[in-house]
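*Asks:* Dumping the structure here so I can ask a few things about it.
The values are calculated or read from the model by the stated rules, or taken from the named source; none is laboratory data. Just so it is clear, the structure is predicted and the values come from calculations on it, not from any experiment. Ideal geometry is used to build each Cβ from the backbone, glycine not excepted, and the neighbour counts take in all protein chains shown. For the accessible areas, the whole protein counts, side chains as well, though only heavy atoms, and no ligand, DNA or RNA atoms are used. Shrake-Rupley method; radii C 1.70, N 1.55, O 1.52, S 1.80 Å.
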Amino acid sequence: MTHLNPFVLLCYFAAAAGISMFSMNPVIQTVSLAGALSFFFVRNAGKKTGMHLPIFLTALTVAVLNPLFQHNGATVLFVLNGNPVTKEACIYGAVAALMLLATLYWFRSFSELMTSDKILYLFGRISPKLALLLSMAMRYIPLFGLQLKKTTQAQKAMGYFKEDNMLDRIRGSIRVFSVTVTWALETGILTADSMEARGYGMGKRSAFAVFRFYRKDGLYLALIGILFSIAVYGIATEAVAFQYYPFILRHEQTLISILAYGAYGILAFLPTAAEAGEKIKWKYLQSKI
């Protein structure tokens, strides 16, 4: 998937994440999460990715809070502080948590694959200013995190950042964040001055891109379009509709629903298969050396 045209990558993630975001069918959400996780971990095998616990805790919070605040549903499991906790609300919260997890991991993979040069390639001719803004924003996000770590280490070395108690830790964190934000603003001003000094915005801009649209890109794009159309047709015709309130109700399985599930399953695991195939091919070629 890494070597595909950026337009194909954009279409794929829009299709995979879009279906997941606009459907509350538990089967689709489960398949979406499985596909997103498998692609993320296959692509990052052996790497320290981090930031998994906060994502899962956020999803768990959504799953727990929904039945506590949403009391619709016909099946009451128990009563908490005078409020009924229903089975339907618990299931809906669990599916919402799956959707949140799947969407976040799809976008994590998207941010890794869609580098700044690919953003410029996609939007440079349409809106150069928007493309520049997006690429700079994507560049400054990791820089901001790196500078935050450097500032924290410097504050600790000077003895300003204390972790003796919660109040000192909060004060230190606020001070570090304030210093880092000031650095970001100064860096933005310096970048703007540097671009102006180099004549950015004067005259007509030319565009250069190393990306080309090959036959393989066309085949992938056609396959994505076909699978996406089948899945969307199943959702639009309510063949995969799922009702949560006031009681759980799902439509009977039909040929359209089976095709919709199968199409989205292939779509969700398409990058995993492509990435795994590339790694197997690479190891095979290495073994021949």
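*Asks:* Taking R0 as 22 Å, what FRET efficiency do you get between residue 181 and residue 21 from their Cβ-Cβ distance, rounded to the nearest 0.05?
*Replies:* 0.10
*Asks:* In addition: Pairs 48/150; 47/283; 48/279; 47/156; 48/281; 118/216: which are spaced more than 21 Å apart, C-alpha to C-alpha?
*Replies:* 47/156; 48/281
*Asks:* Provide the gained length on full extension for the span residue 52 to residue 150, in nm with one decimal, where the gain is 0.36 nm per separating residue minus the Cα-Cα distance.
*Replies:* Contour length minus Cα-Cα distance gives 33.0 nm.
*Asks:* Probe radius 1.4 Å, ligands and nucleic acids ignored: give me the carbon and sulfur share of the accessible area of the stretch 85-169 as a rounded percent.
*Replies:* The computed percentage sits at 66.
*Asks:* Turning to a different aspect of this structure: In bins 10 Å wide, starting from 0, what share of all Cα pairs of the stretch 1-145 does each bin hold, as a percent?
*Replies:* That works out to 11, 30, 30, 18, 9, 2, in percent per bin.
*Asks:* How big is the charge dipole of the chain about its Cα centre, in debye rounded to the nearest 20, if each Lys and Arg gets +1 on its Cβ and each Asp and Glu gets -1 on its Cβ?
*Replies:* 1080
*Asks:* So what is the calculated 222 nm ellipticity per residue for the chain, using -39500 (n - 2.57) for each DSSP H run with n of 4 or more, over all residues, to the nearest 500 deg cm²/dmol?
*Replies:* The helix-only estimate for the chain comes to -24500 deg cm²/dmol at 222 nm.
*Asks:* Then there is this: For the chain, build the charge dipole from Cβ charges (+1 Lys, Arg; -1 Asp, Glu) around the Cα centre, then report which of 254, 148, 244 sits farthest towards its positive end.
*Replies:* Going by the Cα projections, it comes out as 148.
*Asks:* What number in nm² do you get for the stretch 43-125 if you take the convex hull of its Cα atoms and divide its surface by four?
*Replies:* 8.4
*Asks:* Could you do me a favour and compute the accessible area per residue for the chain, 1.4 Å probe, result in Å²?
*Replies:* 62
*Asks:* Quick one: grab Rg to one decimal and Dmax as a whole number for the chain, Cα atoms only, in Å.
*Replies:* Over the chain's Cα set, Rg and Dmax evaluate to 23.9, 71 Å.
*Asks:* In whole Å, largest first, what are the principal axis extents of the Cα atoms in the stretch 142-289?
*Replies:* 67, 53, 48
*Asks:* Quick one: among 89, 184, 222, which has the greatest mean-square fluctuation in a GNM of the chain with alpha-carbon springs under 10 angstrom?
*Replies:* Among 89, 184, 222, the largest GNM mean-square fluctuation belongs to 184.
*Asks:* Next question. Would you mind calculating the gained length between residue 236 and residue 193 on full extension (0.36 nm times residue separation, minus the Cα-Cα distance), in nm to one decimal?
*Replies:* 10.4 nm
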